[in-house]
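*Asks:* Sharing a structure, written as structure tokens. Questions coming.
Rule-based calculations on the coordinates, nothing more; no lab input. Just so it is clear, the structure is predicted and the values come from calculations on it, not from any experiment. No Cβ is skipped: glycine too gets one built from the backbone with ideal geometry, and neighbour counts run over all protein chains shown.
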Amino acid sequence: MPTGEIARMFIHGKCHCGNISFSLTWEPDPAEIPARACTCSFCTKHGGVWTSNPSGSLEVAVKDPSLVSKYAFGTRTAEFHICARCGVVPVVTSRIDDHLYAVVSVNAFEGVDPSLFRRVSASFDGEGEESRLARRKHNWIADVEYIEIGTCPSIERTATGKPVAAAHVKP
Ligand SMILES: [Zn+2]
């Protein structure tokens, strides 16, 4: 690594079939990654374990938006992005004051050493809507880019059929 550059970690994740994928840049390189096992009624049923870094940047790429089911319940302030093809839930987003925040599922990570995970149980039941949104603004990833490849005409495909955007790596 060149001198003067801050060590950062690139985390890649995706649903099982690859329709929803994400790249999370974590800077500085984390010694541990909080992994919050959410105890809400939905996450209990699918085993949702989430992480976020408020100073991280996230790029979500969706190949076929028609195969993403967006599910909201309770206060309906968060959207679970469920792959309709394989059933995995890699990302949750919340739009607050017209800004998109997100958390990602550690279960969807690819090639990350699980010993980095610091597992905690998180219960937000009984939390009012206002404090819930304030917590997300404070803790969730605030730099989120959500790209729907299937609907973006400017994204060309390479000869291999792989979308160019999926190979895009931030400097
Ligand atoms: Zn999938």
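*Asks:* For the stretch 92-114, which residues satisfy the criterion of being over 23 Å from Ser131 (Cβ atoms), without any contact (Cβ under 8 Å) to a residue 24 or more places away in the chain and of a type in the set (Asp, Glu)? It would help to see each step written out before you state the result.
*Replies:* Restricting attention to the stretch 92-114, the residues satisfying the condition of being over 23 Å from Ser131 (Cβ atoms) are 105-114.
Imposing the further condition that a residue be without any contact (Cβ under 8 Å) to a residue 24 or more places away in the chain reduces the set to 113-114.
Asp113 - this is the single residue of the stretch 92-114 that is over 23 Å from Ser131 (Cβ atoms), without any contact (Cβ under 8 Å) to a residue 24 or more places away in the chain and of a type in the set (Asp, Glu).
*Asks:* Being within 13 Å of the ligand (Cβ to nearest atom) and on the phi > 0 side of the Ramachandran plot is the filter here, so list the residues in the stretch 58-112 that pass it.
*Replies:* Answer for the stretch 58-112, where residues must be within 13 Å of the ligand (Cβ to nearest atom) and on the phi > 0 side of the Ramachandran plot: just Gly87.
Each row is one residue, and each column tells you yes or no for (1) surrounded by 15 or more Cβ atoms within 10 Å (Cβ to Cβ); (2) under 23 Å from Arg135 (Cβ atoms); (3) touching a residue at least 40 places away in the same chain (Cβ under 8 Å).
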{"position": "Ala7", "(1), (2), (3)": "no, no, no"}
{"position": "Ile20", "(1), (2), (3)": "yes, no, yes"}
{"position": "Thr39", "(1), (2), (3)": "no, yes, yes"}
{"position": "Asn53", "(1), (2), (3)": "yes, yes, yes"}
{"position": "Leu58", "(1), (2), (3)": "yes, yes, yes"}
{"position": "Lys63", "(1), (2), (3)": "yes, no, yes"}
{"position": "Ala72", "(1), (2), (3)": "no, yes, no"}
{"position": "Pro90", "(1), (2), (3)": "yes, yes, yes"}
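*Asks:* Answer yes or no as to whether Ala84 is under 21 Å from Ile141 (Cα atoms) and of a type in the set (Gly, Ala, Ser).
*Replies:* Details: under 21 Å from Ile141 (Cα atoms): no; of a type in the set (Gly, Ala, Ser): yes.
It is false that Ala84 is under 21 Å from Ile141 (Cα atoms) and of a type in the set (Gly, Ala, Ser).
*Asks:* What pairs come up if the first residue lies in the stretch 115-127 and is assigned to a strand (DSSP E or B), the second is among the charged types (D, E, K, R), and their beta carbons are under 7 Å apart, counting only those six or more places apart or on different chains?
*Replies:* Arg118/Glu32; Val120/Arg36; Ala122/Arg36
*Asks:* Examine the stretch 21-39 for a residue that is within 16 Å of the ligand (Cβ to nearest atom) and under 26 Å from His99 (Cβ atoms), and state whether such a residue exists. Spell out the reasoning first.
*Replies:* Within the stretch 21-39, the subset within 16 Å of the ligand (Cβ to nearest atom) is 21-22.
Those still in the list that are under 26 Å from His99 (Cβ atoms) too: 21-22.
Yes.
*Asks:* Can you name the residue in the stretch 9-18 that is outside any strand (DSSP E or B) and either touching a residue at least 60 places away in the same chain (Cβ under 8 Å) or among the charged types (D, E, K, R) (or both) and is also farthest from the ligand (Cβ to nearest atom) among such residues? Can you show your working first?
*Replies:* Narrowing the stretch 9-18 to residues outside any strand (DSSP E or B): 15-18.
Narrowing further to those that are either touching a residue at least 60 places away in the same chain (Cβ under 8 Å) or among the charged types (D, E, K, R) (or both): 15-17.
On the way: Cys15: 3, His16: 5, Cys17: 3 Å.
Here the residue is His16.
*Asks:* While we're here: What are the residues in the stretch 44-58 that are under 14 Å from Ser121 (Cβ atoms) and more than 15 Å from the chain's Cα centre (by Cα), if any? Write out each step before concluding.
*Replies:* Filtering the stretch 44-58 down to residues under 14 Å from Ser121 (Cβ atoms) leaves 44, 47-51.
Those that are under 14 Å from Ser121 (Cβ atoms) and more than 15 Å from the chain's Cα centre (by Cα): Thr44, Gly47.
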